[in-house]
1. Provide a single number: the residues in the stretch 11-34 that are within 23 Å of Glu62 (Cα to Cα) and surrounded by fewer than 15 Cβ atoms within 10 Å (Cβ to Cβ).
2. Which residue is modelled with the highest pLDDT, if the candidates are limited to the stretch 184-200 and must be surrounded by fewer than 18 Cβ atoms within 10 Å (Cβ to Cβ) and over 26 Å from Ser104 (Cβ atoms)?
3. If you scan the stretch 203-222, which residues turn out to be part of a strand (DSSP E or B) and either among the hydrophobic types (A, V, I, L, M, F, W, C) or outside the structural domain of Lys182 (by TED's automatic domain parsing) (or both)?
4. Let me spell it out: the conditions are (1) farther than 22 Å from Leu202 by Cα; (2) not in a loop (DSSP other than H, G, I, E, B), and Leu76 meets all of them except one. Which number is the exception?
5. When Ala35 is evaluated against the numbered criteria (1) free of Cβ contacts under 8 Å to residues at least 24 places away in the same chain; (2) of a type outside the set (D, E, K, R); (3) not in a helix (DSSP H, G or I), which criterion, by number, is the only one it fails?
Amino acid sequence: MSTVALIEDDRLIVEPVVRALEGRGYKVFTAFNGAAGLEMVLTNPVDLVILDIMLPEKDGWEVCKAIRAESVVPILMLTALSDEVDRVLGLELGADDYLTKPFSTRELLARIKALLRRVEFDSTRMTEARVLSTGDIKLDFDRRRAFKNQTELELRYKEFELLSLLVMNVGEVVTRADIFDKVWGTDWLGDMRTLDVHIRWLREKLEDDPSSPQYIQTVRGVGYRFVSRS
């Protein structure tokens, strides 16, 4: 049974969402403000967090950042804000996906299923390859850490996932469709520009000159290729 933490102050949203999740077999913890929600997540083992942005006491941005400092648990943010800047901010703080209000229960359940499937896939893959090195890049799957020339790269959850996929297919083109399938899940319903944002973030951390990338090369109209460099 997967456990979901729902942090939302609107009871008109909380009650039907809890019923839907429990009806699908999920165990649900709820909190109605950011401070209580943060404590709930950090003191209980949860598999996924559903986090509203506009919360009393601590807003969703603060809670997301604080959770990410302690955990890699998947975070799905709920927002009434449709501005791209607000959505990108959530991703920058470590959220894995976002859902704009109003939303359907069916769409919410699809997003949750996709995120949890990614966690299961990651666990399986990490038992197969503990450490992977190519050129001056090393990935430690046990500790979810990445290094360039023995210097650690500070990667977000999805950045590590994306880099891992590209490195495991070093020299080969990985299509955008395959990346979405393997990193975000086949049920991904979010903004397709999410991949471009994560590629940009990775290049800023990995490349000597992000404007002229040498490690992560764009194959126009197809996808991306990782090139090993010593």
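The values are calculated or read from the model by the stated rules, or taken from the named source; none is laboratory data. Nothing here was measured: the structure is a model prediction, and the numbers come from that model. Cβ placement follows ideal geometry from the backbone for every residue including glycine, while neighbour counts extend to all protein chains displayed.
1. Final tally of qualifying residues: 1.
2. Arg200
3. Our first condition is that a residue be part of a strand (DSSP E or B); within the stretch 203-222, this holds for 216-219.
Selection gives Ile216, Val219.
4. (1)
5. All conditions are met except number (3).
Yes or no, residue by residue, for (1) at pLDDT below 90; (2) in contact with a strand residue (DSSP E or B) (Cβ under 7 Å, 6 or more places away or on another chain); (3) surrounded by 14 or more Cβ atoms within 10 Å (Cβ to Cβ):
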position	(1), (2), (3)
Ile137	no, yes, yes
Asp140	yes, yes, yes
Glu159	yes, no, yes
Ser164	no, yes, yes
Phe180	yes, no, yes
Leu202	no, yes, yes
Lys205	no, yes, yes
Ile216	no, yes, yes
Tyr224	no, yes, yes
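For every residue, the table says whether it meets (1) at pLDDT 90 or above; (2) acidic (Asp, Glu); (3) part of a helix (DSSP H, G or I); (4) not assigned by TED's automatic domain parsing to the domain that holds Asp196.
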position	(1), (2), (3), (4)
Leu51	yes, no, no, yes
Pro56	yes, no, no, yes
Leu81	no, no, no, yes
Leu91	no, no, yes, yes
Arg111	no, no, yes, yes
Arg143	no, no, no, no
